[in-house]
Amino acid sequence: MKVAAVQLISGDNYAENMERIEKRVTEAAKGGADLVVLPEYCALYGSKISPTPKEQNQFLSDMSTLAIEHRVWLVAGTFPLQTDANHKPYSSCVIFDSQGEIQGQYNKIHLFDADIPNDGLATKQAAYRESDYFTPGLAPLLVDTPWGRVGIAICFDLRFPRLFAYFADTKCDFIIIPAAFTATTGRAHWEILVRARAIETQAYVVAVNQGGSHFNGTETYGGTMIINPWGEVLSSLAVGEGVLIEQLDRTFIAATRSQIPLIPKLIHATA
């Protein structure tokens, strides 16, 4: 499978964000990508957003059209999707096949409620409260694709190893992580966490972040990267918008799991 990871600096204007997305998905498709991954908050940046049902349907329609036009599977970052008018929306990642059909929707389980030091100074903090705007998801998602099994995690989920133990137990081949890690947390933890998750699951990890200065003053880390099951960084970006494209080989997954068997031991330990 050839995968493309699209790093963006999204804003609060849906039309402008979609222009950026269209440009990068086109670039990825021209590069031969089979599957394209967008970051968290790709079409509307920030948690303080509440799109109407019409706007939610427009997002799904636009992403479906992109997948069809470019003949790619598309992991459409995240967007607030509401299934019940009496509850806050989910922060949802929807996966489209190359026919534009929805193959799965993962609702972010671990919402980001944290007080983050700015520039490492504990006295100068930024507060994040995603639970003020979103309902937490209830279950992981697995999607079987023509190239293998895919698991989805979103941003803060990266810090919760039990989710990734589930991915290992269910023999995921590829783990995809749309994210919007802050500059502060990204510098400290991003690469360490992403590589650790690849090593412990012995799967490819495609970690796709927002990367730069946003309209509301926040700074996201960038650092979008593709990691192999041995924990090696195949390619990465710094800050700014861009696209990574890598060929992922399932035979390397099998070889890694054969050389250092972990999954049977994990199942035995949790039984």
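Listing for the model above:
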| read-out | value |
| --- | --- |
| Search result, residues across segment 185-226 that are part of a helix (DSSP H, G or I), of a type in the set (Ser, Thr, Tyr) and farther than 14 Å from Cys155 by Cβ | Thr201 |
| Test: residue in segment 227-237 that is surrounded by fewer than 15 Cβ atoms within 10 Å (Cβ to Cβ), outside any loop (DSSP other than H, G, I, E, B) and not hydrophobic (A, V, I, L, M, F, W, C) | yes |
| Condition check for Ser10: among the polar types (S, T, N, Q), under 22 Å from Ile152 (Cα atoms) and either out of contact with any Asp or Glu (no Cβ under 7 Å at 6 or more places or on another chain) or surrounded by fewer than 16 Cβ atoms within 10 Å (Cβ to Cβ) (or both) | yes |
| Every residue from segment 160-181 that is part of a helix (DSSP H, G or I), touching a residue at least 24 places away in the same chain (Cβ under 8 Å) and surrounded by fewer than 16 Cβ atoms within 10 Å (Cβ to Cβ) | Pro161, Asp169 |
| Test for Gln99: is it out of contact with any strand residue (DSSP E or B) (no Cβ under 9 Å at 6 or more places or on another chain), surrounded by 14 or more Cβ atoms within 10 Å (Cβ to Cβ) and modelled with pLDDT of 95 or more | no |
| Some residue of segment 50-61 being surrounded by 15 or more Cβ atoms within 10 Å (Cβ to Cβ) and under 23 Å from Met225 (Cα atoms) | no |
| Pairs, first in contact (Cβ under 8 Å) with a residue 60 or more places away in the chain in segment 1-23, second of a type in the set (Lys, Arg), C-beta under 6 Å, six or more apart | Val6/Arg24; Leu8/Arg20 |
| Options Ala85, Ala76; residue that is within 22 Å of Pro136 (Cβ to Cβ) and modelled with pLDDT under 95 | Ala85 |
| Single match in Leu111, Leu141, Leu121 (criterion: aliphatic (A, V, I, L, M) and modelled with pLDDT under 95) | Leu121 |
| Residue in segment 149-158 that is in contact with a Cys (Cβ under 6 Å, 6 or more places away or on another chain), surrounded by fewer than 23 Cβ atoms within 10 Å (Cβ to Cβ) and modelled with pLDDT of 95 or more present | yes |
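Here's the yes/no breakdown for (1) polar (S, T, N, Q); (2) within 25 Å of Val36 (Cβ to Cβ):
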position	(1), (2)
Thr185	yes, no
His189	no, no
Leu193	no, yes
Thr201	yes, yes
Val208	no, yes
Gly212	no, yes
Asn216	yes, no
Val233	no, yes
Ile253	no, yes
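The values are calculated or read from the model by the stated rules, or taken from the named source; none is laboratory data. It should be emphasised that the depicted structure is a prediction, and the values quoted were computed from it without experimental measurement. Cβ coordinates were reconstructed from backbone atoms using ideal geometry, including for glycine residues, and neighbour counts include every protein chain displayed.
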